[in-house]
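J.: Attaching a single structure in structure tokens format; questions to follow.
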Amino acid sequence: MDIAKLSDKIVTGDRRALARAITLVESSRADHREQAAELIEALSRKTDAQAVRIGLSGTPGVGKSTFIESFGMMLTGQGLRVAVLAVDPSSARSGGSILGDKTRMEQLSRDPNAFIRPSPSGTHLGGVARRSREAVALCEAAGFDVILIETVGVGQSETVVAEMSDLFILLLAPAGGDELQGVKRGIMEMADIILVNKADGDLKPTAMRTCADYAGALRLLRKRPYDPEGFPKAMTVSALEQDGLSKAWEEMNTLVDWRRETGHFADRRAEQARYWFEEEVRQALLAQLRTGQARAALDRIGQRVAQGQTTPSKAAAQLLQDLHISSE
Ligand SMILES: Nc1nc2c(ncn2[C@@H]2O[C@H](COP(=O)(O)OP(=O)(O)OP(=O)(O)O)[C@@H](O)[C@H]2O)c(=O)[nH]1
Ligand SMILES: [Mg+2]
């Protein structure tokens with residue numbers, strides 16, 4: 001594959017080239033990994049195009065696909081180019097794909113200004129994260145204005161998505177009672193905007209109450225340095241009736257503009273780059289432990305630990321030293 005040619009095509013916005021490039025970054029073959037790294041690097045030198053990356057998380061059935069369809073159509077209607085990617089640990093969805101969702105994103109998937117990429121069926125979150133992150137970089141280089149990164153709110157995928165997004169949106173459903181739908185504090189703390197969806201018909205009053213509850217809960221959180229007054233905030237929307245979407249977009253822009261002006265936007269991206277660098281090292285070290293020399297050493301020394309010939313801590317220190325990754 002001619003990487004230089006491929007990168008040329010991507011920056012001109014060639015969708016076929018983009019799709020091929022994403023397939024390349026999704027591959028786990030060693031030669032493909034190398035080419036992918038080369039491509040990403042080439043693109044970063046070629047263009048400084050910057051999209052707004054919006055992470056979107058919500059439990060199954062909350063309306064993510066419906067929201068992306070409505071919100072995406074609104075954005076393309078304004079002349080913006082929109083890419084939709086998904087981050088799904090393989091356990092989250094059988095086959096792991098928003099392809100089936102194309103029925104819910106029927107209009108958007110046919111829109112020439114939209115690009116929808118189903119999530120690869122990944123093995124583990126680490127691999128999925130890297131591929132998604134690189135897909136985001138590719139879409140950005142291809143000149144998309146907005147990149148929506150969807151994830152089903154299970155386990156750790158929210159953190160993965162938040163760490164590759166400029167804005168993190170939490171989509172919630174109207175809920176009776178005063179319990180906050182078991183949304184974990186850590187997830188709340190990541191949210192820039194909470195959207196209570198399905199604020200229509202019979203559900204509207206409940207949605208408004210739920211929204212007020214979350215607004216209250218957000219006020220109780222520690223103030224973050226990268227938020228202006230009034231953020232993070234909770235709002236109601238109806239993805240189905242396309243209500244509140246332009247207001248939500250307005251608020252997103254207010255936040256992004258403020259962060260750009262104050263330097264927080266660039267700072268966060270720099271921090272994210274560092275986070276992913278460390279994450280890659282972590283993953284590589286873990287991979288080493290699964291194979292080859294380290295695996296053999298683990299088995300060998302593990303047996304001695306099991307037989308009581310040495311202690312777990314002492315054996316661990318010894319092993320790390322043998323592998324030359326000990327800090328001493
Ligand atoms: N009343 C109402 N129903 C909605 C709204 N948005 C989505 N729904 C309905 O909620 C159901 C689930 O919507 P989806 O968009 O598939 O939800 P999702 O979050 O993508 O679900 P998964 O892909 O399974 O995680 C569908 O029946 C939608 O029609 C809304 O704004 N109002
Ligand atoms: Mg969906």
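The values are calculated or read from the model by the stated rules, or taken from the named source; none is laboratory data. Source: prediction; values computed, not measured. All Cβ positions, even for glycine, are placed from backbone atoms using ideal geometry, and neighbour counts span all protein chains on display. The accessibility values were calculated without ligands, DNA or RNA, using every heavy atom of the protein model including side chains. Shrake-Rupley method; radii C 1.70, N 1.55, O 1.52, S 1.80 Å.
J.: At 1.4 Å probe radius, can you tell me the per residue accessible area of the chain in Å²?
T.: I get 50 Å² per residue for this part.
J.: Let me ask something else about it. Using the Cα atoms of the range 1-44 to build a convex hull, what is its mean projected area in square nanometres?
T.: With the hull built on Cα positions only, its mean projection is 2.6 nm².
J.: Out of every Cα pair in the chain, what percent are spaced more than 28 Å from each other?
T.: 46 percent
J.: If R₀ is 25 angstrom, what is the calculated FRET efficiency for the pair residue 48 and residue 254, using the beta carbon separation as r and rounding to 0.05?
T.: About 0.60, to the nearest 0.05.
J.: List the lysines whose Cα lies under 24 Å from the Cα of residue 64, skipping any in the same chain that are fewer than 8 positions away.
T.: Partners within reach: 102, 184, 198, 204, 233, 247.
J.: For the range 38-43, in order, what is each residue's ³J(HN,Hα) by Karplus, 6.51 cos²θ - 1.76 cosθ + 1.60 with θ = phi - 60°, in whole Hz (x at glycine and Pro)?
T.: 5, 4, 4, 5, 4, 5
J.: Label the range 158-311 by shape, choosing from rounded, prolate and oblate, from the square roots a ≥ b ≥ c of the eigenvalues of the Cα gyration tensor; if a/c is under 1.5 it is rounded, and otherwise prolate applies when a/b is larger than b/c, oblate when it is not.
T.: Taking the square roots of the gyration eigenvalues as a ≥ b ≥ c, the range 158-311 is prolate.
J.: Express in whole angstrom the spacing between the alpha-carbon centres of the range 265-285 and the range 183-232.
T.: Centre-to-centre distance over Cα atoms comes out at 27 Å.
J.: Please list, in chain and number order, the residues 5+ apart from residue 56 or on another chain whose amide H is under 5 Å from its amide H, with Hs placed from the backbone.
T.: 149, 150, 151, 169
J.: Based on DSSP, what percent of beta bridges with both residues in the chain are antiparallel, to the nearest 5?
T.: Counting only bridges with both partners in the chain, antiparallel ones make up about 5 percent.
J.: Considering Cα pairs under 8 angstrom that are at least six residues apart, work out the relative contact order of the chain and quote it in whole percent.
T.: So the answer I get is 17 percent.
J.: Which of rounded, prolate or oblate describes the range 230-297 when judged by the alpha-carbon gyration tensor and an a/c cut-off of 1.5?
T.: In terms of gyration-tensor shape, oblate.
J.: Using the basic label-point model (7 angstrom from Cα toward the beta carbon), what is the residue 309 to residue 280 distance in nanometres?
T.: 4.0 nm
J.: Ok, one more. Calculate what fraction, in whole %, of the accessible area of the range 212-328 sits on carbon and sulfur atoms when a 1.4 Å probe is rolled over the protein chains.
T.: Of all accessible area on the range 212-328, carbon and sulfur atoms account for 53 percent.
J.: To continue, here is another question. For residue 243, list long-range residues whose amide hydrogen, built 1.01 Å from N in the peptide plane, is under 5 Å from its own amide hydrogen.
T.: 238
J.: Could you pull the accessible area for residue 211 with a 1.4 Å probe, rounded to 10 Å²?
T.: Here the residue's solvent-accessible area equals roughly 20 Å².
J.: Sort the following peptides by mean Cβ neighbour count (other Cβ atoms within 10 Å, averaged over residues), highest first: 306-318, 248-260, 48-60.
T.: Result, highest mean first: 48-60, 248-260, 306-318.
J.: Tell me the mean residue ellipticity at 222 nm calculated for the chain from its helices only (DSSP H runs of n ≥ 4, each -39500 (n - 2.57), averaged over every residue, nearest 500).
T.: About -17000 deg cm²/dmol.
J.: Let me ask something additional. Based on the Kirkwood radius over alpha-carbon pairs, what value in µm²/s does the Stokes-Einstein equation return for the translational diffusion coefficient of the range 181-240 at 4 °C and 1.567 mPa s?
T.: 107 µm²/s
J.: If you take the square roots of the eigenvalues of the alpha-carbon gyration tensor of the range 35-79 and sort them as a ≥ b ≥ c, do you get rounded (a/c under 1.5), prolate (a/b over b/c) or oblate?
T.: Cα axes put the range 35-79 in the oblate bin.
J.: Given the range 210-261 reduced to its alpha-carbon atoms as identical point scatterers, what log10 I(q)/I(0) does the Debye formula return at q = 0.21, 0.22, 0.23 Å⁻¹?
T.: Debye curve over Cα of the range 210-261, log10 I(q)/I(0) at q = 0.21, 0.22, 0.23 Å⁻¹: -0.85, -0.91, -0.96.
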